[in-house]
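See structure below.
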Amino acid sequence: MSLISLFGALEVGLIYGLVALGVLISFRILNFPDLTADGSFPLGGAICAICIVSGMNPWLATLLGTLGGAMAGFVTAWLNVSLRIMQLLASILVMIALYSVNLRIMGAPNVPIIWDPTIFSPFIAEDYSNQFWVKPLIILLFVIAIKLLLDRFFKSQTGLSLRATGANPRMSRAQGINTNVMTYLGMMLSNALIALGGALYVQTQGGADISIGIGTIVIGLAAVIIGETLITSRKIFWITLSVIVGAILYRLFIALALHSGPLNKIGIGAQDLNLITAVLVVIALVLPQIKTKFKRMRRRKPS
């Protein structure tokens, strides 16, 4: 694998690190099985791309894309909290609806922004010679900032209330926590981060496409599981770090598989990306079980 391919995998891995943080909030912290991610990721990208094409400042366009994701999370939470629709079904309904919404926003299946300014443009040389490392560096700064802000938030009174809501809603209500408000807050925060990932993704890829959200939730879950397997801790600092590491490793594994000589010789190529993704997710799901069995075997060995 070439150096450019390595930086490319790192770039996408960092973007999906933001997605993984969003999935962590909904699935792990709030205990809300949310499939809205497959719609909010392209929603953030669609809003960002159409705003940039319209001449808007790319930083403002990125912010609007993020806010669009927050609104998607709000609708999912509203369906569940106010209309009493079960969590999974509520997220599926919003995910399906967002496909049409995204098409409406873009006005076409894709919106190119190759020649339009992005948040990366001021830092890229005229001959584009440094873009392969500048983009990952800027995204890394985004990820670090978001991670530190989340760490601080989850140690605050509101963040602790959110964590308590996911851990035990009944006990939280008994302690005076408004679990409905916490559900709204958690879902909006989760999908805002996922949409931010989508907004950054379209700016790195040179355009938005209606299909970029397919499999987003699978990638996010795989990153969370891989990270939790490698870094086991109950401290929020290590939990958020683990999912970011998991997302980066996930993309590196895919890049290595696609550029593997032995696999290429037997016909495995770019067209098998979804197959490789599925295999990696299966491995990620099985790893915790293997790790648990290994620990049990070590305990049983006579000293």
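Can you give the extra length, in nm with one decimal, that the chain gains between I4 and A145 once fully stretched, where that is 0.36 nm per residue apart less the Cα-Cα distance?
This chain segment gains 48.3 nm when fully extended.
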* To do: Provide the net charge surrounding N102, with neighbours chosen by a C-beta distance below 11 Å and charges set as Lys +1, Arg +1, Asp -1, Glu -1.
  => -1
* **GNM result for the chain, Cα springs below 10 Å: residue of S172, S211, S129 fluctuating most strongly** => S129
* Over the chain, relative contact order from alpha-carbon pairs under 8 Å, at least 6 apart, % -> 34 percent
* **(1) 0.94; (2) 0.99; (3) 1.08, with the label sought being that of the calculated Rg/Rh (Cα atoms, Kirkwood Rh)** => (2)
* Structure fact -> At q = 0.22 1/Å the base-10 log of I(q)/I(0) from the Debye formula over the alpha-carbon atoms of region 141-260 is -1.41
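For region 149-303, what's the relative contact order in percent, using C-alpha pairs closer than 8 Å and at least 6 residues apart? Don't skip to the end; give the middle numbers.
Numbers: 94 pairs, mean separation 25.5, N = 155.
Value for region 149-303: 16 percent.
Please state the charge dipole magnitude for the chain, taken about the Cα centre, from unit charges on C-beta atoms (+1 on K and R, -1 on D and E), reported in debye and rounded to the nearest 20.
On the way: 22 positive and 10 negative charges, 417 e Å.
For the chain, the charge dipole is close to 2000 debye.
With viscosity set to 1.002 mPa s and temperature to 20 °C, compute the Stokes-Einstein D of region 1-116, Rh being the Kirkwood radius across alpha carbon pairs; µm²/s, no decimals. It would help to have the intermediate numbers written out before the result.
Details: Rh = 15.4 Å.
Roughly 139 µm²/s, to the nearest whole number.
Take the solvent-accessible surface of the protein heavy atoms, probe 1.4 Å, and return the percent of it on region 157-196 that carbon and sulfur atoms account for.
Working: 1060 of 1920 Å².
Percent of accessible area from carbon and sulfur atoms in region 157-196: 55.
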* **Listed residues V286, V101, V134, most fluctuating in the chain (Gaussian network, C-alpha, under 10 Å)** => V286
* Structure fact -> K291 neighbourhood, Cβ < 12 Å, K/R = +1, D/E = -1, net charge +3
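At 20 °C and 1.002 mPa s, grab the translational diffusion coefficient of region 56-208 from Stokes-Einstein with a Kirkwood Rh over Cα pairs, rounded to a whole number in µm² per second.
122 µm²/s
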* To do: Can you grab the distance from the C-alpha centre of region 15-34 to the C-alpha centre of region 142-186, Å, no decimals?
  => 13 Å
* Structure fact -> Percent of all alpha-carbon pairs of region 1-41 at distances over 16 Å, whole number, is 47 percent
* At 18 Å minimum axial length over the Cα atoms and a Kyte-Doolittle cut of 0.5, report the qualifying DSSP H helices in the chain, or say none. => 3-23, 37-53, 58-81, 87-106, 131-154, 179-205, 216-230, 236-258, 273-300
* **Within a Gaussian network of the chain (alpha carbon springs, distance under 10 Å), most fluctuating of V94, V12, V181** => V181
* Between I96 and N180, what FRET efficiency comes out of the Förster formula 1/(1 + (r/R0)^6) with R0 = 30 Å and r the beta carbon distance, rounded to 0.05? -> 0.80
* Asked: Quick one: which of K235/K291; K235/K293; K135/K291 span more than 28 angstrom between C-alpha atoms?
  -> K135/K291
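The values are calculated or read from the model by the stated rules, or taken from the named source; none is laboratory data. Predicted, not measured: the structure shown is a model, and the values here were computed from it. A quick note on method: Cβ atoms are made from the backbone with ideal geometry, for glycine too, and the neighbour counts reach across all protein chains shown. We work out accessible area using only protein heavy atoms, side chains counted, and drop any ligands, DNA or RNA first. Shrake-Rupley method; radii C 1.70, N 1.55, O 1.52, S 1.80 Å.
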